[in-house]
Amino acid sequence: MSSPFRRFVQIGRVALINYGPDVGKLCVIIDVVDSNRALIDGPESVTGVKRQAIHFKRLSLTDHVVKVPRNARQTLLTKAVTTADVKTKFANSAWGKKLAAKQARANTSDFDRFKITVLKKRRNHLVAAETRKLVKAANKKK
């Protein structure tokens, strides 16, 4: 019987911080402190996350893994993250696209929301008109 889990806490696992001052930023697990905490690093020059111990509840594990040794130094970690192109890969994933769309919606102005509402009404009107045509055509065939 196979395990339902696919993402494991491991050295080099890329994670998304889901709580605290660095929420929404990517980091790399570089060591496991105990059963509740991990030592993470951004590195700061790439993602803006400083090296720190963080609780597992504040991390969401991604599918991406960077090949780094345990307690990797800043320069080695920076090189590994940039060559693996972690930020671009995450941004192109479904999860990253969903977060980007959520961010874009949060940054809209009142007028942008009004324009979206008008476009939705227009689309719904066109869909309803096509549906009426198809139903009328189907009823004529009977």
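The values are calculated or read from the model by the stated rules, or taken from the named source; none is laboratory data. Bear in mind that the values here come from a model prediction, so they are computed numbers and not experimental data. Note that each Cβ is placed from the backbone with ideal geometry, even for glycine, and that neighbours are counted across all protein chains shown.
LYS115 falls short of the stated requirement of being out of contact with any Pro (no Cβ under 7 Å at 6 or more places or on another chain), in a helix (DSSP H, G or I) and under 19 Å from GLN10 (Cβ atoms). Whether a residue is under 11 Å from the mean Cα position of the chain (by Cα), more than 21 Å from ARG13 (Cβ to Cβ) and free of Cβ contacts under 8 Å to residues at least 40 places away in the same chain was assessed, and ALA106 does not pass this test.
Inside segment 85-138, residues that are farther than 28 Å from GLY24 by Cβ and hydroxyl-bearing (Ser, Thr, Tyr) make up a count of 1.
For the residues ALA53, ALA15, ALA38, the requirement of being within 19 Å of LYS98 (Cα to Cα) and of a type in the set (A, V, I, L, M) singles out ALA15.
So, ASN124, is that one within 30 Å of HIS64 (Cβ to Cβ) and modelled with pLDDT of 95 or more or not? So ASN124 fails the test.
Against the list (1) out of contact with any Lys or Arg (no Cβ under 8 Å at 6 or more places or on another chain); (2) part of a loop (DSSP other than H, G, I, E, B); (3) charged (D, E, K, R), the condition ARG105 fails is (2).
In segment 55-75, the residues that are under 19 Å from ARG37 (Cβ atoms) reach residues that are of a type in the set (Ser, Thr, Tyr) with C-beta atoms within less than 7 angstrom, at least six apart or across chains, in these pairs: ARG58/TYR19. In segment 103-110, is there at least one residue being surrounded by 11 or more Cβ atoms within 10 Å (Cβ to Cβ) and either touching a Pro at 6+ places or on another chain (Cβ under 6 Å) or not polar (S, T, N, Q) (or both)? Yes, some residue in segment 103-110 is surrounded by 11 or more Cβ atoms within 10 Å (Cβ to Cβ) and either touching a Pro at 6+ places or on another chain (Cβ under 6 Å) or not polar (S, T, N, Q) (or both).
Quick one: in segment 21-67, which of the residues that are of a type in the set (Gly, Ala, Ser) and within 19 Å of THR88 (Cβ to Cβ) is modelled with the lowest pLDDT? Filtering first and then ranking leaves GLY42. Residues that are in contact with a Ser or Thr (Cβ under 9 Å, 6 or more places away or on another chain), among the aliphatic types (A, V, I, L, M) and crowded, with 18+ Cβ neighbours inside 10 Å number at least 3 in the following strands (runs of 3 or more DSSP E) confined to segment 1-91: 13-17.
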